[in-house]
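All of the numbers you see were taken from the coordinates with simple rules; none came from a lab. Just so you know, these numbers come straight off a predicted model, no measurement behind them. Cβ placement follows ideal geometry from the backbone for every residue including glycine, while neighbour counts extend to all protein chains displayed.
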Amino acid sequence: MTSGVRTAVIGVVLGALAACRLPSPFASNRKLTGTCDGACARYLDCKDVGEASAHAACVDECREVFHDAESIRAFESLECRDVIEYVEGPSGRGPGTMVGDGDAPAGDAPAGDVAR
């Protein structure tokens, strides 16, 4: 393989990796703990929330979702926008907050539910 072709191949591979936005512990000074406590601290820091009840709800949910330290470290290494999107998905609600929890008028109860 010539030097020019090798350089081109390396450039394409590096570009593909950058496009995938692979999490990298080298991209920041964050400490990757591999714990639910650390993952929730990361999420709540991204959301700028410091409530103990939010942290406790987050840790409970984290223990249900993640089953190994490596997965948690990968989560902790994400950028804030990706951390928030991972936790909240399309609902825009964090752990411990029920979707539809008290924000729908009584007349808008889902089918099968009795409006009170």
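Structure notes:
- Packing here is the average count of other Cβ atoms within 10 Å per residue, and on that basis the peptides 82-88, 33-39, highest first, run 33-39, 82-88.
- Calculated P(r) of the stretch 23-93 - Cα pairs past 17 Å, %: 37
- Charge sum, other residues only, whose C-beta stays under 11 Å from Phe66's C-beta, Lys/Arg counted +1 and Asp/Glu -1: -3
- When +1 charges are put on Lys and Arg Cβ atoms and -1 charges on Asp and Glu Cβ atoms, the dipole computed for the stretch 23-93 relative to its Cα centre reaches about 180 debye.
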